[in-house]
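Report on one structure; see the data block that follows.
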Amino acid sequence: MRLSSSLPRRALLPFVAAVALLTTAGSTTATAADACGSIITAPLAPPVAADDPCPSTDPVVCRIRVLPMDQKVEAQRTRIRYHELLEDMHRTEADMREAGASEEEIARELVDMRNQAKEITRAGMTPEEVRVLEERNQAKYGNPLGPTADQLYAKYGSWEKVTDASMRTSYAVDRELSLEYRPCPV
């Protein structure tokens with residue numbers, strides 16, 4: 001099949017990347033309504049000019065908006081890997097509950113896993129991307145990886161809420177990368 005020469009090549013990159021990622025994202029369910037894990041919701045938006053006002057208060061979202069398309073595609077792949085690590089956390093929670101672990105033990109383990117997941121996904125990022133993330137977390141939590149289990153307990157007042165918070169993903173970042181995260185059943 002020959003592609004029409006009137007279709008710009010750069011417009012195909014997000015589409016091709018989306019198709020490739022859909023086939024490797026780990027979802028084995030047949031319908032979109034039942035899909036879980038990382039769901040690609042749309043083609044990636046083209047980059048905006050660096051001086052274009054950012055509608056988000058999240059500096060990570062503002063940084064993603066201006067990335068060249070090839071870097072956006074890589075950022076989306078990195079985010080998908082992060083979502084896969086969140087799936088590992090859901091399985092760990094289920095295993096720990098089955099083994100009779102306390103709410104505090106579960107929460108502490110999952111916060112630790114989340115911070116490890118951040119380190120793993122940041123290994124594939126540019127130093128500038130990592131710097132933006134770490135500066136945000138340092139300013140907000142006093143820790144480049146994000147809040148500790150004790151900080152989350154002080155904020156939420158229960159270990160159950162700490163567990164829930166440790167397995168959340170940023171809706172704004174996911175949306176900017178044309179993703180939706182849906183936890184898979186365990």
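The values are calculated or read from the model by the stated rules, or taken from the named source; none is laboratory data. Quick caveat: nothing in here was measured; it's all calculated off a predicted structure. As a convention, Cβ positions derive from the backbone with ideal geometry for all residues, glycine included, and neighbour counts pool all protein chains shown. Calculation scope for accessible area: heavy atoms of the full protein, side chains included, ligands and nucleic acids excluded. Shrake-Rupley method; radii C 1.70, N 1.55, O 1.52, S 1.80 Å.
Quick notes on this structure:
- Taken as a whole, the structure leaves M167 outside the set of residues that are open to solvent by 40 Å² or more (accessible area, probe 1.4 Å), in contact (Cβ under 8 Å) with a residue 24 or more places away in the chain and of a type in the set (A, V, I, L, M).
- Between E105, E119, the distinction of being more than 12 Å from the chain's Cα centre (by Cα), at pLDDT 95 or above and of a type outside the set (A, V, I, L, M, F, W, C) belongs to E105 only.
- First in segment 47-61 and acidic (D, E), second anywhere and open to solvent by 40 Å² or more (accessible area, probe 1.4 Å) and outside any loop (DSSP other than H, G, I, E, B), Cβ under 8 Å, 6 or more apart: D52/V66; D58/R136
- Within segment 116-140, restricting attention to residues that are touching a residue at least 12 places away in the same chain (Cβ under 8 Å) and among the hydrophobic types (A, V, I, L, M, F, W, C), the residue that is surrounded by the fewest Cβ atoms within 10 Å (Cβ to Cβ) is I120.
- Inter-residue pairs, beta-carbon under 7 Å, first free of Cβ contacts under 8 Å to residues at least 12 places away in the same chain and in segment 85-111, second exposed (fewer than 13 other Cβ atoms within 10 Å of the Cβ), 6+ apart: none
- Enumeration of residues in segment 51-83 that are open to solvent by 40 Å² or more (accessible area, probe 1.4 Å), modelled with pLDDT of 95 or more and among the basic types (K, R): none
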